[in-house]
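S.K.: Could you have a look at this structure, given as structure tokens, before my questions?
Coordinate-derived values only; no laboratory data. In this text, all values refer to a predicted model and were calculated from it rather than measured experimentally. Please note: Cβ atoms are built from the backbone with ideal geometry, for glycine as well, and neighbour counts cover all protein chains shown.
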């Protein structure tokens, strides 16, 4: 008896695909940083992870704040400068593609959502594992691939970048058409609007002191176990681990702004002593505050 059954395979369309990756940067700039500008024959986008910047695209200026991004088409001259007040953190990624759908991004200034931001986080995480070239080096002309990179890490960068672009395009088209955002599930929207957002707001307002987990839970109205699950789902860390990360990020920004001494910053951020400040910073960053200050000056020189 012949049990062979013929199936017909479906070739999947690739409506937006990345051909080559030119750069992946995560910059931590000072509040007076200025990049004079450049033009190149591939796409680039700049995402503001913290602070604010002034971006020039051809002859037009744009002020971008946290969570916003702008695309530069091939051949477009672009420059960026800090706003003189807040030391910015920026993600800059450049790539080439032959996909006609990419033309939709020409001149686009967009706001990221949770889904898109998660894709960016994955790109940066996989890039740190994949490349030996520092992500914070401004004048890097090529990416150096690590021999000991994890399995399929480069492919994951490509997939997350494609998903990031497709998600932005589909969400914007859906909103333009008056449809609801289909990228967020009811559960993720509920978590974002209740436990996570309330607790995160409390933590952000207490970066200059030392709240405990009980205070966070009391303010948010959720148990420590529940908040822990929500934060691990959203950030990959516990509540207080994420708070310590936020606190160090705020500290790094103050260092880059250069308006206070390290001793003053330790006091502003609510550290009990200079030793506590240095130990906490080293545990998170792998270097002392003074070493970080020196590295920032070296990276932008």
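S.K.: What's the percent breakdown of Cα-Cα distances in the chain across 20 Å bins, shortest bin first?
M.R.: Pair shares across the bins are 28, 57, 13, 2, 0.
S.K.: So what is the relative contact order of the range 35-78, in percent, for Cα pairs below 8 Å that sit 6 or more residues apart?
M.R.: 51
S.K.: By how many degrees, 0 to 90 and rounded to 10, does the Cα axis of helix 239-257 deviate from the longest principal axis of the chain?
M.R.: Between helix and principal axis, roughly 80 degrees.
S.K.: While we're on this one: Note down the nm distance, to one decimal, between modelled labels 7 Å out along Cα→Cβ at residue 62 and at residue 142.
M.R.: Simple spin-label model gives 3.1 nm for this pair.
S.K.: Compute the length gained on full extension between residue 172 and residue 121: take 0.36 nm times their separation in residues and subtract their Cα-Cα distance, giving the result in nm to one decimal.
M.R.: 16.3 nm
S.K.: Taking the Cβ-Cβ separation of residue 215 and residue 295 as r and a Förster radius of 35 Å, what is the calculated FRET efficiency to the nearest 0.05?
M.R.: 0.55
S.K.: With just the Cα atoms defining each centre, how far is the range 22-100 from the range 108-163? Give it in Å.
M.R.: 16
S.K.: In nm, to one decimal, how far is the modelled label at residue 106 from the one at residue 6, with both set 7 Å along Cα→Cβ?
M.R.: 4.6
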